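Please read the structure below before turning to the comments.
The values are calculated or read from the model by the stated rules, or taken from the named source; none is laboratory data. Fair warning: this is a prediction, and the values are worked out from it, not measured in the lab. Glycine also receives a Cβ, built like all others from the backbone with ideal geometry; neighbour counts cover every protein chain displayed. Surface areas here come from the heavy atoms of the whole protein model, side chains and all, with no ligands, DNA or RNA. Shrake-Rupley method; radii C 1.70, N 1.55, O 1.52, S 1.80 Å.
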Amino acid sequence: MTNNRLQLSLSALGLSNLAGILQTSDPFTVVTVRGDSPDNPPQIVGQTEVCYNKLDPQWSSVVLLEGYKFGVPFYIEVGVFDFQAKRIGKKERLLAQQSSVEGQFITSTESTRNLLRAGKLPHKVMGTALFEVGQILGARGNVASKSLQTGGVLYAHVERSREDGAHGSMRFKLRGINFNNARSLGRKSSPFYELYRKVETPTGATWNSVYRSNVIASDLNPKWEETMLGLEVACNGDMDRAMKVVVRDHKRGGKHTEMGEFETTMQGFINAKNGGGDIDEDAAFTLLKGGKKIGNVLVLQASVLSVKSDGGASGGGHDRDPSQRSLDNRTELRPQFVDYLTGGCQISLAVAIDFTASNGNPREEGTPHHFYPPASNKWNDYQKAIFAVGSILAKYDTDGLVPTWGFGAKYGDQVRHCFQCGDDVEVKGVTGIMDAYRGVFNTTLTMSYPTDFTEVIKTAASYAQHEQDTAEQDEDLSYTILLILTAGNIENVQETKDELIRASDSPLSVVIVGISDNDFASMEFLDEHADTEGGRDITKFVTFDDYKSYNLLTEAVLDEIPDQLVDYYYDRGIMPGKADAVDKDTVVVMPADDDERTVTFLG
């Protein structure tokens, strides 16, 4: 599986005002990547513009994240700061009238980054928030939130970039014509505009800000500065994506008055470009407020800068013919794994644990099922594998309920090849799996033979299909991953292959982890049926002892899952759904990180 390029959008609600009496804080963010561990040294990957006099900011800057891969933790940390204009010798009144692009330059200079790294940034820390990207992708609507240490809540939204690499840029310039004045007492409005892109949901739509223009003071016919819009950030490479322009009257205190709005697309801007000469109001967009016309907006410039396939500008940066679509507006026939995640596909986990005699006597230290005293802080290999894989997959499962089965134990005189672990049909999260696993040893089981997966696979396939059928009632998708942990080598290889072939018709993948140093030779042949005997490839086998860290183990265990999931749905003509609608009031807010993380944001 290749790494994915993601787009991170940030907003906040209810930030604490650190500016003092009669003033309001001016928040901006800095985003760092810590990779596969929260304790790794951070790397600054982006920052937003400053939102002046705003305690509920929605930042326009989109931060690009490189390197996300399913099965590998990917930690980012966001620092929120209160911008201190005086400390850097600037006047806030003038800075607040700049565009979001210019505002981003203020926070992204190399000197600013050096001060950040040295812990000497002159701006006040409002708080920090550590997120694991899988946690965001697994949340409803791909939105996660966390409280900040000084107060308020930070929201993070993730969307996949349609293509890795550049999408080109658009030279973009607007002007207003004969706006109605939103002020009185002889004063004129000071217009600026914000450009939003539409995020579709099954129950409506939300609009994410991607650009904010400069302010034109006291002018009802404003001609805003030309800017260069990256198409990847502005519309994610989709020239027909719905866009919205909202014009506001700038107020120094931050409570700007909406003057009017209109909707179009990036292609619509190109088509409406004024050809020069006299102003053609018929080609202009009508600015509306409450259904009433308040003026027109003319497109003075909207042309796409051509790009090479490697992302660099070609032809010396010549403009493309306005009637020509963006070269990056390609139809992606085959979706990617992240598209299904962001489209609301749930990843469910099922676990099956080997209780055959292959595991040896659990009372003997060093055997796979031996439980160490809690004070030793040691786990057996079954516990380690449950924690490693379960902790990753739990982030993508909204309800966190996991069916946990055992196989290979004798109850009375009968060998059971699939039985429920614990008191409940489904247990809650990794802790529930651990408790159910350990609880089996408080029953009357006797470890037995042989090692037989067929009933477990059949049960998992039935469970996976039931989950998918239930999800379809809400127009969602559900895909199940069966994690089989075993110390035994199967003898009925052909029967197991046949069961896997039948299970491949279900939304299911099977991952087998070999525990202990036993001989697992026959396991290697379980995923070879797809080319020779039919069925979809749904199986992956790894040996636990081959991996020295949890991250390496989960990467190896889960690396084929994305392609298997896409194969299942795409081959059946099932495309990714739309992202779930999210009301921020319903998003579960995680508690603030320890205060120490605030102090050591880049330490």
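Quick notes on this structure:
- Inter-probe distance in nm under a simple model that places probes 7 Å from Cα toward Cβ, at Tyr411 and Glu263: 5.7 nm
- Thr398-Lys293 FRET efficiency (beta carbon distance; Förster radius 60 Å; 0.05 resolution): 0.85
- Sequence-ordered 3J(HN,Hα) estimates for region 171-180 from the Karplus curve with 6.51, -1.76 and 1.60 and θ = phi - 60° stand at 6, 9, 8, 10, 9, x, 10, 6, 5, 5 Hz, glycine and proline given as x.
- Using the alpha carbons alone, the radius of gyration of region 332-401 stands to its Kirkwood radius in an Rg to Rh ratio of 1.17.
- Convex hull per residue volume in Å³, alpha carbons only, for region 212-257: 109 Å³
- Hydrodynamic radius of region 411-506 per Kirkwood, over alpha carbon pairs, in Å: 15.3 Å
- Spatial extent of region 465-544: Rg and Dmax, with the Cα atoms as the point set, Å: 14.2, 45
- At R0 = 35 Å, FRET efficiency that the Cβ-Cβ distance of Asp563 and Ser16 yields, to 0.05: 0.15
- Spin-label model distance (nm) - Glu281 vs Asp517, 7 Å beyond Cα toward Cβ: 8.7 nm
- Cα-based shape type of region 366-416, given that a ≥ b ≥ c are square roots of the gyration tensor eigenvalues and the cut on a/c is 1.5: oblate
- The length gained on full extension between Lys86 and Trp379, counted as 0.36 nm times the residue separation minus their Cα-Cα distance, comes to 100.0 nm.
- Its residue count N fixes a reference of 2.2 N^0.38 Å for region 30-77, and the Cα radius of gyration divided by that reference is 1.36.
- Within the same chain, lysines fewer than 8 places from Lys124 are excluded, and of the rest, those with a Cα less than 23 Å from its Cα are Lys54, Lys86, Lys90, Lys91, Lys146, Lys255.
- Per residue accessible area of region 178-306, 1.4 Å probe, in Å²: 42 Å²
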